[in-house]
Amino acid sequence: MKTDIVKLENRALMKLKSQPRYYRQRLLEELGFIDEQGSAGVMLQVADLVRDLKRAGVYIGPGQGYATCSLLCFCLGITGIDPLEYELPFAMFEDRFRAHEPMAITTSPGGLEVAQNILPCFTLTDECLEEKLTLEIVEMTTLLVQKDLYEAHSEPLQAIWLDNPTLSMFEQGDTARIFGFLSVGIQEKLREFNPRNHRELALVYALYPTEKLDNILRIKNERTVRDWGSVAARRVMRESFGELVYVEQWIQLKQLEKTLPESVRAWIPDNSDGLQLRGQALAATRISIEQAYFKSRAQGRYDDSERQDRVRRIAEAWNNAQVADKARRKEAIKQACARVRERRKHND
């Protein structure tokens, strides 16, 4: 229905009021694709469901898989990663969407994974939205901890990022009980790699324990980055020190292929098999960064006596792997699903 695509556009544009013009251009491109697929109503359903779950106290993770490549998903609050900030191409979303691959949303215990069958409707597993959504309760204690830590702190979610004390934890491999960096092996690799920003941290997360990570570490230390033959291609490859790591990079290189020298085109494989998802690595390591941030505060690396005791208690609960009442959270989800279903019946 045209009214659905208009509703999507209006809701998404509210998020872009202060953004540059190219954000609006990207959004209109995505809306055109969603309209073409006849999936505007489905996207509204997902957005409503996520909103209701958040209101019900269920913590929603920053995103997973190809959904992070969509500015529309970001504007609707379905994901928490800005795809333009990290140059995540919408072509990735289009390809996976057309292939009917699940669009996953992770949550804390009692949460859900929304998997889209892109027809334009969803199949049903949890008897909630009548052939509109596939719902699966996913237990992720890590995300439950995130919610509890936020409740112990007054700063807004978007303000928590890689500052110096937090970054030093990753540089030193001090990541015990930090999501994605739990093993001794990856902690040693962090000390070797010495990540300086979110992109480099995501690189370690995505590639450990592969030989490609060792190759990139050598390239970083020796400063022998491969030349990809054009300014645009070098920009695509700079975050991985000239090595092809991500599916999103492969898509961008394919778009540039005709402009590259023949010797460089030979480096681009015919398919993206074996490559990693940049959006997924960025979203996962965002959770890690936030946890390290709160852990730093709890360990006294910040001068913040006003909140110190409360944060320390939360960190102790985290270290003891305290899990909230799963039944209560599951009931909250069912109620949220019911509200979305009632709205759909009303609109019909």
Exercise for the section: Would you grab the residues whose amide H sits under 5 Å from the one on GLN276? Only those 5+ places off in sequence or on another chain, please, with H modelled 1.01 Å from N. Expected result: TYR246, VAL247
Exercise for the section: Under 14 Å from the Cβ of LYS220, count the other residues' Cβ atoms, weight Lys and Arg +1, Asp and Glu -1, and hand me the total. Expected result: +2
Problem - Additional length obtainable on full extension of the chain from LEU28 to ARG177, 0.36 nm per residue less Cα span - result: 49.5 nm
Completion exercise
Expected vector for the stretch 233-244, Karplus 3J(HN,Hα) from phi with 6.51, -1.76, 1.60 and θ = phi - 60°, integer Hz, x for Gly and Pro, equals 5, 5, 5, 5, 9, 5, 5, 10, 6, x, 9, 6
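No value in this document is a laboratory result; all are computed from the given coordinates. This structure is a prediction, so every number in the text was calculated from the model and none was measured. Heads up, the Cβs are rebuilt from the backbone with ideal geometry, glycines too, and the neighbour counts pull from every protein chain shown.
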